[in-house]
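One structure is given here, and the rest of the page talks about it.
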Amino acid sequence: MAKKALSRGKRDFFKSILVIMVTDLFLLLFLKYKFNNLGLSDFSITAFGNLLNIGFAVITGVSFIIAAKSKKYASRFNQLPILILAIFSLLFHLVILYNEYSDSGVPKILKEIAPNMRVYYMLLFIAGQLIQFYLLALILSVFLGETKLLYLKAFFEMIFISIVLVLFSFFYSVLKKHGEESFTNQKYDMGVVLGAAVWSHNKPSPIFEGRIKKAYELYSKKVINKIQLTGSNAPGEKSEAKTASDYLRKLGVNVNDLFIEEKSSNTVEQVLYIKKNQEKKNPRRILIISDEFHLVRALEICSFFNVNAESAASEYNITSEKLLYYRLRESAALLLFWFFAV
């Protein structure tokens, strides 16, 4: 009787862990869209980031089932740490869910490292994901027959998984063609210039200036009919969008062909604005104008949000050292977007 009761208890433990894992996955997918004010109709299971979320959850779940049920591995498999890790991962996502509906804001204790909700959510998402990677590493360690320093080895395996993903994102962003057309006999209803830094005296940074000049070139050649400018501002400064607008007006662009959006502070928000603007004005063809190293992520974001857009790269040249820095930064940002849509 005692043996049967113990067996039943293990089965209940096993089922509880699986329920938490499945709930955590669905909550993560829900939060990715909720945070961006998107609904169920915008969800796509084939979006690469969603496939990553589902893929890691399936690998972890299947590995757990095999380890827990196999006689070969059951003797060295402890379900309690798995349960604790799964609960903690779920708790991080529940905190985000609570904030989304309570509008409680960033806790005062975290204000210095998380000045706004986007950064706060990003930290919570990353913490939850690292726990999931650690959970996966712990389960896989069972298959490898690890017994000594099991939890420490799993920690280093978690770091290894993270590094592999960063490298994958880096090479993806370097090798992926962003789809730029030759523009021969091409016509676009709208060219969208993604915002970038504005320097002192309201002067666009060289990178931003390169994007603006590319937009003017395409406008002059009648490749694009209208120009949408995006980007907010730091306190006391002119917005990125207004700075670009003033620059283009001086070059001779008709003010009626310029549209300004001054609230977005990052690429995700800019693409979301394009999505909403696209739905209102229904332009047939949109051209995203930015730097080559930035366009891969910009188009990935467009794809996730179902924004039909093509791309045009600015012709601004930067040194190899700066290009490496920007590519590394973009690959990290792309990985974060894939997993969390932030």
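The trypsin sites (Lys or Arg not before Pro) of the range 74-159 meeting both criteria, a DSSP state outside H, G, I, E and B (loop) and at most 15 other C-beta atoms within 10 angstrom of the site's C-beta, are ARG76, LYS111, LYS148. Estimated at 0.36 nm per residue, the fully extended path between LEU83 and LEU52 surpasses their Cα-Cα distance by 8.9 nm. If the segment from LYS10 to ILE113 were pulled out straight at 0.36 nm per residue, it would be longer than the present Cα-Cα gap by 33.0 nm.
Per atom type, the chain shows carbon and sulfur on 62% of its accessible surface, probed at 1.4 Å. For the range 78-94, backbone nitrogen atoms closer than 14 Å to the point 7 Å from SER104 Cα along Cα-to-C-beta are found at 91-94. Annotation for LYS176 and LYS322: the two label points, set 7 Å from Cα along the Cα-Cβ direction, are 2.4 nm apart. Which angle from 0 to 90°, rounded to the nearest 10, does the C-alpha axis of helix 320-340 make with the longest principal axis of the chain? With both axes taken from Cα atoms, the answer is about 60 degrees. Legend: Rg and Dmax of the range 216-342, from Cα coordinates, 15.0, 42 Å.
Among THR23, THR230, THR319, determine the one that fluctuates most according to a GNM of the chain built with springs between C-alpha atoms less than 10 Å apart. Checking each option, the largest mean-square fluctuation is seen for THR319. About the centre of its Cα atoms, the chain shows a dipole size close to 1120 debye [charges on the beta carbon of Lys, Arg (+1) and Asp, Glu (-1) only; nearest 20 debye]. Kirkwood-type hydrodynamic radius, the range 47-159: 15.6 Å, calculated from all non-identical alpha-carbon pairs.
Length gained on full extension, PHE156 to LEU251, computed as 0.36 nm times the residue gap minus the Cα-Cα distance: 28.7 nm. Farthest towards the positive end of the charge dipole of the chain, among the residues PRO204, ILE87, VAL253, is the Cα of ILE87, using unit charges on the Cβ of Lys, Arg, Asp and Glu. Among ILE17, ILE54, ILE109, which one moves the most in a GNM of the chain with springs linking Cα atoms closer than 10 Å? Maximum fluctuation in the GNM of the chain, among the listed residues, is at ILE109.
Taken per residue, the accessible surface of the chain reaches 53 Å², heavy atoms only and a 1.4 Å probe.
The values are calculated or read from the model by the stated rules, or taken from the named source; none is laboratory data. Fair warning: this is a prediction, and the values are worked out from it, not measured in the lab. Neighbour counts run over all protein chains shown; Cβ positions are idealised from the backbone, glycine included. Surface areas here come from the heavy atoms of the whole protein model, side chains and all, with no ligands, DNA or RNA. Shrake-Rupley method; radii C 1.70, N 1.55, O 1.52, S 1.80 Å.
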